[in-house]
Structures are given as C-alpha cells and as structure tokens.
1. Would you say residue 65 is modelled with pLDDT of 95 or more and closer than 21 Å to residue 21 by Cα?
2. How many residues are in a helix (DSSP H, G or I) and over 30 Å from residue 192 (Cβ atoms) when one looks only at segment 382-402?
3. I'm trying to understand the selection: among the residues of segment 201-227, which are part of a loop (DSSP other than H, G, I, E, B) and within 14 Å of the ligand (Cβ to nearest atom)?
4. Just one of the numbered conditions (1) in a helix (DSSP H, G or I); (2) within 12 Å of the ligand (Cβ to nearest atom) is not true of residue 231; which one?
5. Take segment 294-327 and flag every residue that is surrounded by fewer than 21 Cβ atoms within 10 Å (Cβ to Cβ) and within 21 Å of the chain's Cα centre (by Cα).
6. Of everything in segment 234-253, what is assigned to a loop (DSSP other than H, G, I, E, B), in contact with a helix residue (DSSP H, G or I) (Cβ under 7 Å, 6 or more places away or on another chain) and more than 11 Å from the ligand (Cβ to nearest atom)? Give them in sequence order.
7. Which residue pairs have Cβ atoms closer than 7 Å, lie 6 or more positions apart in sequence or on different chains, and pair a first residue in segment 218-232 that is in the same structural domain as residue 255 (by TED's automatic domain parsing) and touching a residue at least 12 places away in the same chain (Cβ under 8 Å) with a second residue that is more than 11 Å from the ligand (Cβ to nearest atom) and in a loop (DSSP other than H, G, I, E, B)?
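The values are calculated or read from the model by the stated rules, or taken from the named source; none is laboratory data. These numbers come from a predicted model, not from an experiment. Ideal geometry is used to build each Cβ from the backbone, glycine not excepted, and the neighbour counts take in all protein chains shown.
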Ligand code: FAD
C-alpha cells in the first residue's frame, strides 16, 4: 500500500519515527507543503525561509529526489493527495504550535471518513507537553521543578531509532512543483554570507554536533557565556527544523561524557530542557507569542520610539555590545545567547520598547527563529513570562561586556570602527578621554554613534515604569 509522509519540522531521515513507520507500512511518497493557510505572523521569517530552502534541498538529495513539493492549504491538499495516490495511510511527526495543532486535528478528522489511516509521532521533543503534569494535575510554571520532577524523574527520553536500511518509494508521478517556485529564498542579498557560517541539513547538523562534542562540550559551562569563542553547540537551527532530534543530541552527549556526573553535561542537557520548557509553555499557554504571560504587564506603558527601535535593529545604538549583537544577527542569522539577553534587556528596559517588537525582529532575522523558544525567551527577558527574570534585574550592557567580552574581541569583530579602542573603554567609548578616542580613530557621533540612551537614567525610568504598573 501507498503511504504519504508529510515532512514539516523533521527534515531528516535518521530517528524519524513517521518515516520509519511509513516505510514499514508500505511504499513511501514523501511530501512537503508550504502552508499558506497559516497567519502571516506565524509564517517563517526571511532568515528561516533561507534555511528551509537549503534544508529541503539537502533532504530531497537524501531521498534521492523523491520529495514532492506543494504550496497551499494542507487541509485541502492532503485529502486530495490521498485520493490522487490512492494512499492508505498518512504519517507525520507532531508540531506543537497552536495553529499547527488545529490544522492537524482537522486533517485527522477529515480523513476519518475515508479508508486512509493517519498516524502521528513525537520526533522533536524529549518529553511531550501533554504528558507532563504536576502531582495535583496542574501545569508547571517554573523551570526547575518542571525539568527535575516533571521530566527527569518521570521518564528517560526515548532512544533514537536508526535510519531505515532502505526506503521503498512508491512509483507514483511527481505532481508537485519545483522547490524554487516556493520562493523561500530572500530577494534581498542579505543572506549571501550565511553559507559561510552554516550548512543546513542532516549532514551539517551531525557535523555541528560532532564538532561541539570534540571541541567544546567538556568546557561548556565555563565557555557558553563568552560570545567570542565557539563555546556552544550552535545546533539551534538544526534542532528547529528537525535535522537532528533532541534525542540524538541528548544521548550523543551522554555517551561522550565518561562520567554521568559532570557539570558541563548537566548544564548542556538542562539547556535542552529549556527548549522543552518553551514548547511546554506554548502548548499550555497558546497566547504566549502575543500576550503577556503575566497579565500585570498589560498595563505597562511602553515608549516604543520608532527611531530608537530602528537604531537597535541596525546595531547603531552607541552601546558596543548591543551593536555587535545586532550586527552579528544581521550578518550571520544568529546571535550568541548571552548577547540575545543583553540586547533584549536593552530594548525592553532601557528603551522601553514592547518585547513583541523585538520578538518580531528576531523572528525575521534568526535562522533558528522558533515560535516557542523565541516568545518564551522574550517574555523571560521582559519579566512578563513564566519563571522570568525579575523585572528589576536590568542587565547593564557595560558590565556584561566587561565580564563576558573582557578584551572586546566580540565587539571588535562586529564593530570594526572600535577595533583600536583599548580594553578599558571598549564597552564605554563615551567615557574615553579625547586623546584615547583620537588615537583609536573614533569620533563619536561620526564614525560610531553616541549612546542613544543614558544607561543610568534609562534604568531608573524602567524601574519607575514598572513601579507604576504595579500600582495599577
Ligand atoms: P547551546 O548553548 O549549544 O544550547 C543547546 C540547545 O539548547 C540550543 O540549540 C537550543 O535548542 C536549546 N537552548 C539553549 N538555550 C535555550 C533557551 N534559553 N531557551 C530555549 N532553548 C534553549 N532559541 C531558539 O532556538 N530559537 C529562538 O527563536 C530563540 N530566540 C531567543 C530570543 C531571546 C531574546 C533569547 C534571550 C534567547 C532565544 N533563544 C532562541 C534561546 C537561545 O539563545 C538559543 O537557543 C541559543 O543561543 C542557540 O545557540 P546554541 O545552539 O549554540 O545553544
């Protein structure tokens, strides 16, 4: 019998339960649908689409060119394809975004009336959100008990399944469109440099994992906060598109460490846990991407100054570590986690710009843009999220820079106009005496901006705004 395998956020062959099951069932027709039925704000952003295009190219190669591409509403297309190919089963791996859940439920429902079976699997989470509850049946809102009690103590993640030895494809016609006609690649040439940093697809994911295990995993806890070194795994876009499963990563890391009791291992696994927690929150609180988790923030008065927001997006705020981060994002489609927190805090607290505006910018520019992790992290930074950083903890970007980018290597890489500033002033050029600025060739307001916010005054303004909200 013929079966459809609908690829979505599981663009891999290894450890792919839906593909495995379809192959066991009969002959396989692999398909991908660019879903036009989903709301514009949930459609992948520009950078993610760039990734998607290349990832689909890699997957299609891996499937010997059998992947069929479609564009449209899957609720209509899937039943049509079932009929066209006389498929007796459809297989997919589950997605957890609210719109995807609704769509998939409808498709399941409509196929119930046919002789085509539907089976779905978990391929992208270690613990699915619907299976984790507190003892009293409630939903966890704090990470540590969620992760320690709800996840780790309850069950071990499943072991990855190997790739099918051989995939048997159906001998049906390819009635799909070409990948290029999906128009995923940006018309703007801004993504040209991405290929120098990334290799989308299953192979690139495996390589990143192996590089990380060999070069950085054993020092992860110490190095992961230093943006100038490759101290983290950079697996986030690969995980988002499912080119590697968290299960593969989880067990590869455990195997790589001889002793299970290791602070670096624990720290890395718990970061995967944060990814799980983000999905958990999105699943149980579907308005997470658009509404304050903590309703108190509904009364918050944002300033939302457009010129300041633009300066932030362009890496022209005059705060070196913030500018370096925003430029890293633009140039490479990625930003180091520590710096994401710094730029996020600066936007939301020092500039008082609504976190949703930052979330949107990241959504468009991040290769790993992920509905769950992005919205949960922005709410965390804003102080409005579950288990969020308390609002009054406002990152000081100068102190953060001095601590995590001591010699300014990261800043100098992305803000070359500051390359000759001495360590002492690299994170606060506005404090440098005139002769030092002149020697470094920096003219504030000319070749590097003056700060758009006074850090001390804007910090106080943020605290006042928060106090006012609390009083409402
Ligand atoms: P590693 O340190 O190697 O961590 C391993 C994996 O754990 C990551 O690949 C990621 O899947 C997961 N992870 C690590 N930290 C977090 C975290 N805080 N929250 C959730 N998962 C985590 N991550 C995304 O994948 N997509 C996003 O859209 C996204 N937006 C963010 C927005 C803001 C404002 C902030 C502060 C963080 C955001 N993150 C997002 C989380 C984190 O910054 C990235 O996952 C991490 O930087 C990816 O780099 P890495 O793969 O080298 O991480």
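1. Judged against the criteria, residue 65 is a match.
2. Residues meeting the conditions: 5.
3. Once the filter is applied, which keeps residues that are part of a loop (DSSP other than H, G, I, E, B) and within 14 Å of the ligand (Cβ to nearest atom), segment 201-227 yields 216, 224, 225, 226, 227.
4. It is condition (1) that residue 231 fails.
5. 313, 314, 327
6. Across segment 234-253, the qualifying residue is only 243.
7. Short answer, once both residue conditions are applied: 227/405; 228/405.
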